[in-house]
Amino acid sequence: MKATVPHIALLLGLLLLTGTALADDSTDRDRARQLLDEGEDAAARKLVESMIEQQPQDADLWVLLATAHHHALEKASLLRKRHWAGQQKGALEQALDLDPNHIEARAELADFYYYAPGIVGGSKTKAGQQLALLERTSPYDAHWRRALHARSENDHQGAVDAFRSALAARPGDVQARFGLALHLGELASFDEAFELHEELIAEDPEGVKGPYYQIGRLAVISGQRAERGIACLEHYLEVADSQSRPPKAYGHWRLGALLLRQGDREGGLRHLNRALYLSPGLEGAQKDLREAGG
């Protein structure tokens with residue numbers, strides 16, 4: 001049947017109303033995240049709870065609420081931590097009741113069990129069970145979380161194994177290659193670590209920053225490729241900004257150490273002093289400066 005003008009007007013009206021509702025909802029979600037970033041946890045929580053009242057079947061909102069509870073948990077007194085831990089866990093479980101394949105909810109619940117103390121419900125066994133379930137839906141995300149868990153324990157071999165598995169699930173992934181290179185360096189597998197960072201630079205020489213710093217760091221700890229390390233650290237100091245990690249002080253520290261090793265005492269001391277100007281408590285730079293007699 002052909003749509004009449006009134007029918008068309010009605011449909012257009014419904015579309016406009018729906019579009020407005022979706023836009024408002026998206027704005028509210030962004031606002032909630034902004035409030036969390038600003039430390040306004042109670043306001044964020046109230047906003048998310050009001051959205052859940054309107055859309056109780058939205059698993060994403062329950063995950064956002066769990067994030068708000070986690071922020072409260074981090075700031076709570078010891079007496080209140082158990083309460084907020086229970087709230088966070090409950091919100092994640094509600095999200096998974098609504099959507100058992102929700103990747104973020106499953107991953108965050110695994111993290112909750114892994115990092116939380118036993119007194120508030122933490123359990124590494126349960127974390128492993130959640131990751132096994134996550135692996136059915138998203139092998140990459142499961143291996144990525146295993147790598148982060150291993151990293152938190154300074155289990156470098158475990159992290160290497162998990163990052164390799166993540167790469168098998170998602171070949172070429174930049175984050176997994178970068179993480180793999182970091183932990184290979186800790187295991188003194190320097191050649192492979194250097195090559196992974198060089199690959200990341202070759203693929204996006206203007207976009208990446210971290211691999212430049214890491215090549216310089218590897219040059220310091222390995223005693224290899226000093227000239228390349230110096231060039232990479234000089235580049236890192238040119239492109240790094242206040243948001244870069246590691247901070248520029250670390251770049252000056254590593255560059256100072258390499259220059260001293262290459263016989264450039266003046267340049268080495270200049271960069272070590274700059275590192276300590278930017279970060280007075282940087283112990284590595286303090287030690288290198290003392291040893292250099294600066």
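The values are calculated or read from the model by the stated rules, or taken from the named source; none is laboratory data. This is a predicted model, so every value here is computed, not measured. Please note: Cβ atoms are built from the backbone with ideal geometry, for glycine as well, and neighbour counts cover all protein chains shown.
As a summary of the residue check, residue 34 satisfies the conditions (1) assigned to a helix (DSSP H, G or I); (2) closer than 24 Å to residue 134 by Cβ; (3) at pLDDT 90 or above except for the one numbered (2).
Screening the candidates 150, 110, 162 for the property of being under 18 Å from the mean Cα position of the chain (by Cα), over 20 Å from residue 183 (Cα atoms) and of a type outside the set (D, E, K, R) yields one hit, 110. Residues in segment 116-138 that are surrounded by fewer than 19 Cβ atoms within 10 Å (Cβ to Cβ) and modelled with pLDDT of 95 or more: 123, 124, 125, 126, 128, 129, 132, 133, 135, 136, 137, 138.
Residues in segment 52-65 that are closer than 21 Å to residue 108 by Cα and either assigned to a helix (DSSP H, G or I) or without any contact (Cβ under 8 Å) to a residue 24 or more places away in the chain (or both): 52, 56, 59, 60, 61, 62, 63, 64, 65.
Close Cβ contacts (under 7 Å, 6 or more residues apart or on different chains) running from residues in segment 168-196 that are farther than 19 Å from residue 232 by Cβ to residues that are in a loop (DSSP other than H, G, I, E, B) comprise 176/170.
Quick check: is even one residue across segment 5-25 within 23 Å of the chain's Cα centre (by Cα), of a type in the set (Ser, Thr, Tyr) and either at pLDDT 90 or above or part of a helix (DSSP H, G or I) (or both)? There is no residue in segment 5-25 that is within 23 Å of the chain's Cα centre (by Cα), of a type in the set (Ser, Thr, Tyr) and either at pLDDT 90 or above or part of a helix (DSSP H, G or I) (or both). For segment 96-111, the tally of residues that are out of contact with any helix residue (DSSP H, G or I) (no Cβ under 6 Å at 6 or more places or on another chain) and either aliphatic (A, V, I, L, M) or part of a helix (DSSP H, G or I) (or both) stands at 2. In segment 172-195, is there at least one residue being among the aliphatic types (A, V, I, L, M), within 18 Å of residue 252 (Cβ to Cβ) and crowded, with 16+ Cβ neighbours inside 10 Å? No, segment 172-195 contains no residue that is among the aliphatic types (A, V, I, L, M), within 18 Å of residue 252 (Cβ to Cβ) and crowded, with 16+ Cβ neighbours inside 10 Å. Where helices (runs of 4 or more DSSP H) sit wholly within segment 179-239, those with at least 1 residues that are within 24 Å of residue 141 (Cα to Cα) occupy 190-203, 210-222.
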